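Undergrad: Below are the structure tokens for one structure; questions will follow.
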Amino acid sequence: MKPRLSFWQIWNMSFGFLGIQFGFALQNANVSRIFETLGADVASIPILWIAAPTTGLIVQPIIGYMSDRTWGKLGRRRPYFLTGAILASSALLFMPHSPVLWVAAGMLWIMDASINISMEPFRALVADLLPSEQRTMGFAVQSFFIGIGAVVASALPYIFKNVFGISNTATPGLIPDSVVYSFAVGAVAYISAVGWTVVRTKEYPPDDLASFRRENEQTKGMFHGTREIFANLKHMPKTMVQLAVVQFFSWFALFAMWIYTTGAVTSHIFGTSDPTSELYNRGADWVGVLFSAYNGFAAVVAFLLPILAKRTSRKTVHMISLVAGGIGLASFYVVKDPNVLLVSMLGVGLAWASILSMPYAILAGSLPATKMGVYMGIFNFFIVIPQIFAAGILGFCVKTFLHGEAVNALLLGGVSMILAGILVMQVKDVDDKHDVAIQS
């Protein structure tokens, strides 16, 4: 029987997500901007982004499998938090100094792989340490930190320009100083927040450590690990299969938003596609504010979702949230005032808060405790596969069917997210009703 943890213990074990989200938010809000500044056109941006989901597809199940089998001075999951944080912080420092486009694409690959090394064990840690009735709260606290981290990180270029007077204007091949400084701050925040969780969280050793080590010795080797990952993939619980479909349409929509919001806002709202112009960079900075807004709202509602789930169900909450997010994305097509887009992002924020907590809370109850890490890693397949699919087809679709307009990709993403909301009601949540109760 797992001991119940206090609210502050849950807080400490989730605090590292604040730093992880600094990395993701800076990446999501600024990488398209960096690519365009280094010469990428709107049709080629999705394929340049393919590095991010591809690394997640490869890295997360491997790290999950390895962390399930690890025990040392730092415990089971914490060695991976720390390793990923060191690598990701280094990549954040270098990324905005990329001299040419292919270097920036390569740095995205390295940065995303490093972030994934840190992130996957955090999901497994909640399932490791919390009893079933506290898991919804555990994932909600993670969502809170994800929201807070992204609020600050997404707005950093805007803050550096408008508060500190740092230049936000690019020249061909040279990233604005406001972006460079933002990535430096993100690197410090990343390593500091993850370090806090490493120091302040205690993990418990396996019940029979000698047996645990003996079994690991007998089954060591990359071949056995690969075979086990695919065997577990083949025998996924039914709940996981059902959630996979929901995740596909949810993350297709999110990927469309991340790679095309800059192009949609600068061209559809601000009326320019020239990345060296002052008007373009004002629009790109506003995208950071919009991303900050949806993440901020996600942080605010993160603790509300478990309350609503207790009174209804996790599926109902997730369905409502996804539909609201889809409407918010689709509204970009008709909105002309950039300030009104802040309202659109409230729906996206509600969806984001739910995407970061409800699927994992539903999933955890269907998984065997001894394979929590590897299954959480495998579940990441259904986050990255839709992103790889989107990276492969969105550029072609925008150029061929959507008149080359980035805003049409956001409309398509909105439809995809609404469809995900409809499909979530078909998922079987195996936990009892009381498992969604709020615990502190």
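Each reported figure results from applying straightforward, stated rules to the coordinates on display, with no laboratory input. What you see is a predicted model, and the numbers here were worked out from it, not measured in a lab. Here the Cβ is made from the backbone with ideal geometry for all residues, glycine too, and neighbour counts use every protein chain on show.
Undergrad: Looking at I10, V42, I62, which one has the Cα that reaches farthest to the positive end of the dipole of region 1-84 (charges on Cβ: Lys, Arg +1; Asp, Glu -1)?
TA: Farthest along the dipole direction, towards plus: I10.
Undergrad: Another one. Which whole-number percentage describes the relative contact order of the chain, with Cα contacts under 8 Å and a sequence gap of 6 or more?
TA: Dividing the mean separation by the residue count of the chain yields 29 percent.
Undergrad: Please give the helix 222-234 orientation as an angle from the longest Cα principal axis of the chain, in degrees from 0 to 90, rounded to the nearest 10.
TA: Taking the Cα atoms of the chain, the angle to 222-234 is about 80 degrees.
Undergrad: Within a 10 angstrom radius of the beta carbon, how do H403, H318, H97 rank from fewest other beta carbons to most?
TA: In order of increasing Cβ crowding within 10 Å: H403, H97, H318.
Undergrad: Same structure, new question: Which one of S114, S192, S277 has the biggest mean-square fluctuation once the chain is modelled by GNM with Cα springs under 10 Å?
TA: The residue with the greatest mean-square fluctuation here is S277.
Undergrad: For a quick check of your reading of the filter: which trypsin sites (Lys or Arg not before Pro) in region 1-100 sit in a DSSP loop and have no more than 11 other Cβ atoms within 10 Å?
TA: Of the trypsin sites (Lys or Arg not before Pro), the ones in loops of region 1-100 whose Cβ has at most 11 other Cβ atoms within 10 Å are K73.
Undergrad: So, one more: What residues of region 256-291 lie in the reach of a label at A43, counting those whose backbone N is under 11 Å from a point 7 Å from the Cα along Cα→Cβ?
TA: In region 256-291, the label zone of A43 (backbone N under 11 Å from the point 7 Å along Cα→Cβ) covers no residue.
Undergrad: I need the chymotrypsin sites (Phe, Trp or Tyr not before Pro) found in region 323-361, filtered to DSSP loop residues with at most 10 other beta carbons within 10 Å of theirs.
TA: none
Undergrad: Could you work out how much longer the chain between H403 and F230 gets when fully extended? Use 0.36 nm per residue separation minus the Cα distance between them, nm to one decimal.
TA: 58.2 nm
Undergrad: Name the residue from L363, W352, A25 whose Cα lies farthest towards the positive end of the charge dipole of the chain, charges +1 on Cβ of Lys and Arg and -1 on Cβ of Asp and Glu.
TA: Toward the positive end, the furthest listed residue is L363.
Undergrad: Could you give the semi-axes, largest first, of the ellipsoid that matches region 278-332, computed as the square roots of 5 times the alpha carbon gyration tensor eigenvalues and rounded to whole Å?
TA: Over the Cα atoms of region 278-332, the ellipsoid semi-axes are 30, 13, 5 Å.
Undergrad: Under the 0.36 nm per residue contour assumption, what length would be gained going from the current alpha-carbon distance of V241 and E203 to full extension? All intermediate terms of the calculation are to be shown ahead of the outcome.
TA: Numbers: separation 38, 0.36 × 38 = 13.68 nm, distance 2.97 nm.
Separation in residues times 0.36 nm, less the Cα-Cα distance, equals 10.7 nm.
Undergrad: Placing unit charges on C-beta atoms (Lys and Arg positive, Asp and Glu negative, everything else neutral), compute the dipole magnitude of region 243-357 about its Cα centre in debye, rounded to 20.
TA: Computed about the Cα centre, the dipole is about 640 debye.
Undergrad: Further, regarding this structure: Could you tell me which of V245, V287, L129 has its Cα farthest along the dipole of the chain towards the positive end, charges placed at Cβ (Lys, Arg +1; Asp, Glu -1), taken about the Cα centre?
TA: Checking the options against the dipole of the chain, the answer is L129.
Undergrad: Right, here's the next one. Rounded to the nearest 10 degrees, what's the angle between the helix 209-218 long axis and the longest principal axis of the chain, both from Cα atoms, 0 to 90?
TA: 70
Undergrad: Still on this model: What share of all Cα pairs of region 295-434, in percent, falls into each consecutive 5 Å distance bin?
TA: The distribution over region 295-434 is 2, 9, 15, 19, 19, 16, 9, 6, 3, 1, 0, given as percents.
Undergrad: Turning to a different aspect of this structure: As an exercise, take the mean of 1/r over every pair of distinct alpha carbons in the chain, invert it, and state the Kirkwood radius in angstroms.
TA: 21.7
Undergrad: Separate question: Just to confirm the number: angle between the C-alpha axis of helix 16-37 and the first principal axis of the chain, 0 to 90 degrees, nearest 10?
TA: The helix 16-37 is inclined about 30 degrees to the chain.
Undergrad: Counting Lys and Arg as +1 and Asp and Glu as -1, each charge on the Cβ, what is the dipole of the chain about the Cα centre in debye, to the nearest 20?
TA: 1040
Undergrad: So, one more: Could you identify which residue out of T83, T312, T262 has the top mean-square fluctuation in a GNM of the chain using Cα springs shorter than 10 Å?
TA: T312
Undergrad: Still on this structure, please answer the following. Just flag the trypsin sites (Lys or Arg not before Pro) in region 112-204 sitting in loop per DSSP whose Cβ has no more than 14 other Cβ atoms within 10 Å. It would help to have the intermediate numbers written out before the result.
TA: Details: sites: R123, R135, K161, R200, K202; in loops: K202.
Sites meeting the loop and neighbour criteria: K202.
Undergrad: More than 16 angstrom separation, counting every C-alpha pair in region 1-108; what % is that?
TA: The proportion of pairs with Cα distances above 16 Å equals 68 percent.
Undergrad: Okay, next question. Label points 7 Å out from Cα along the Cβ direction at H97 and T171: separation in nm?
TA: Placing both labels 7 Å beyond Cα along the Cβ direction yields 1.9 nm.
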